[in-house]
Amino acid sequence: MPSFDEVLQKAGEFGRFQRRVFLLMCLTGITFAFLFVSVVFLGISPDHHWCQGPSAAELAERCGWSPEEEWNRTAPPRSALESGVRSDGRCERYELEAANWSSAADAADAAEGGLSCSDPLAFFPNRTAPLVSCQGNWKYSQSHTTIVSEFNLVCSNSWMLDFTQAVLNLGFLAGAFTLCYAADRYGRIIIYLISCFGVGISGIVVAFAPNFTVFVIFRFLQGVFGKGTWMTSYVIVTEMVGSKQRRIVGIVIQIFFTFGIIIIPGIAYLIPRWQGIQLAITLPNFLFLLYYWVVPESPRWLITRKEGEKALKILQSIAKYNGKYLSPNYSEITVTDEEVSNPSFLDLVRTPQMRKCTLILMFAWFTSAVVYQGLVMRLGIIGGNLYIDFFISGVVELPAALLILLTIERMGRRLPFAVSNIVAGIACLVTAFLPEGIPWLRTTVATIGRLGITMSFEIVYLVNSELYPTTLRNFGVSLCSGLCDFGGIVAPFLLFRLAAIWLELPLIIFGILASICGGLVLLLPETKGIALPETVEDVEKLASPHLYKKGKKKKSQVTGIHT
């Protein structure tokens, strides 16, 4: 009896139906990119922030100062010293009672020249006063409102901004172990739709969060549901097409992620309030609910659940939409003879080949996340125009996708995967030791490293989905990519803590990780031009491709419908 891949070939492996579904699901990549990098624009730190004591507030009102003038005349300078310890003037205020400064102002009013507004410290000894830590009443000079100014995430609370991104990555990790697991058990499309609804609702609550606690809780939930939309959409498109098209859809869907990175700076530039940015990047998720009527369940998944009749009906619909005709010979379809079971981590490490693939892929995901996010954040700390720099950083990623498309079909998956990691590793190590006097060379080498790790990040998605059987694919990809989320949590702490020791030390760590990863992925089996494995046995045979191709012809249990 014909296998799924044989029937799909007759129905059209990448016909009009698959192209429509593919383009619709690709849009998920844009909204997921919005969520992934949104903290960069939601949490822009104001140019100036300071603590406004009651006396300073009264004086600012009397003098009619602008925020910038109030900052210059009442905030302690950054170089102020208290007990021999350097203090940040933005995090402290002068310890002055309202009556004291008011008295000084009255005295200045009586003096010629009105010194109270031009030099409010003139009537205090040594033109200064004791400093105290701020207990609230922060002031900001920036017109754009961000979560920093909304929840006062400055000074001793500045770590809370990093915490919001860590919580989002924790949500991604939780989504990998819950919703993506559920997609293997209950179906791809139903979990995708639930995830779209969840990320939309939680995103709205984030925009109107009354306090920081509510903000963090629903940002975590947004991460959970966001991971469900992204990973499930990726699995749906790779399962809908033939083996020859998987490389294209696996890379192009990630190009849409890059499109999201390119688009979001424009959204953030045009919308002055963080709530508006949050709504603009969240509400499109509700449009994906319309996919209920146009995107079917994955027929490949249905076969693994022993629902061959439903799978065949969907394949017949695909053939009709593609202008193909399935003859009566395709009234039955082969299904797996494995017992339907719920996947677990033990299934990924029980057999030798599965164990090797799982451990290497987990390390590859972790390395890609740490190096990629580390390099992105490292560019962010050098200053410049945030909107332009972020736009350029997205454009830089586009050539990586083109290089992948040009190499993986000619050279296979394994070699470009390894080379991209090694190139990224060498580039990081070289950049760390290049002298500061030749910035053009440092920028060039760093750009090569960014291209290399971007290629690695995009290839790992493709390789991961091709190395797991259908019964474990969504769970396996989700679990391995969970190490990506863990890497996203580690990356900022790794970057900034090590940079405090030596600015280039993070680059050395990134270089070592990427180089080791490049060597390990050479141990993975090649998946170029072979059908997706349907069982664990198929994966074990990948080490011997001739046995795998021979074994694909031997399927036992058959179920079908008659036309």
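Given the convex hull of the Cα atoms of the range 353-435, what is a quarter of its surface area in nm²?
The number I arrive at for the range 353-435 is 7.1 nm².
Could you rank Ile44, Ile263 by how accessible they are, 1.4 Å probe, largest area first?
Sorted descending by solvent-accessible area, the residues read Ile263, Ile44.
How far apart, in nm, are two points set 7 Å out from the Cα along the Cα-to-Cβ line at Tyr387 and at Ile501?
About 3.9 nm separates the two model spin labels.
With +1 on each Lys and Arg Cβ and -1 on each Asp and Glu Cβ, and nothing else charged, work out how big the dipole of the range 345-558 is about its Cα centre, in Debye to the nearest 20.
The calculation lands at about 840 debye.
How much of Asp162 can a 1.4 Å solvent probe reach, expressed as accessible area in Å² and rounded to 10?
80 Å²
In nm, what is the difference between 0.36 nm times the number of residues separating Leu270 and Leu415 and their Cα-Cα distance?
Difference between extended and current length: 47.9 nm.
Sorted by accessible area (1.4 Å probe), largest first, how do Arg473, Arg19, Arg497 line up?
Output order, biggest surface exposure first: Arg497, Arg19, Arg473.
With a 10 Å radius around each residue's Cβ, average the other Cβ atoms per peptide and rank 452-463, 275-286, highest first.
Sorting 452-463, 275-286 by mean packing, highest first, produces 452-463, 275-286.
Could you order peptides 512-523, 194-205 by the average number of other Cβ atoms within 10 Å of their residues, highest first?
Order by mean packing, descending: 194-205, 512-523.
For Thr178 paired with Tyr321, estimate the spin-label separation in nm (one decimal), with each label point 7 Å from Cα along the Cα-to-Cβ line.
Calculated label separation equals 3.1 nm.
Roughly how large, in nm² to one decimal, is the mean projection of the convex hull of the alpha-carbon atoms in the range 345-558?
The orientation-averaged projected area of the Cα hull of the range 345-558 comes to 13.2 nm².
The values are calculated or read from the model by the stated rules, or taken from the named source; none is laboratory data. All figures in this text were calculated on a predicted structure; none of them were measured in a lab. Counting neighbours? That spans all protein chains shown, and the Cβs are built from the backbone with ideal geometry, glycine included. Just so you know, the surface numbers come from the protein's heavy atoms only, side chains and all, with ligands and any DNA or RNA stripped out. Shrake-Rupley method; radii C 1.70, N 1.55, O 1.52, S 1.80 Å.
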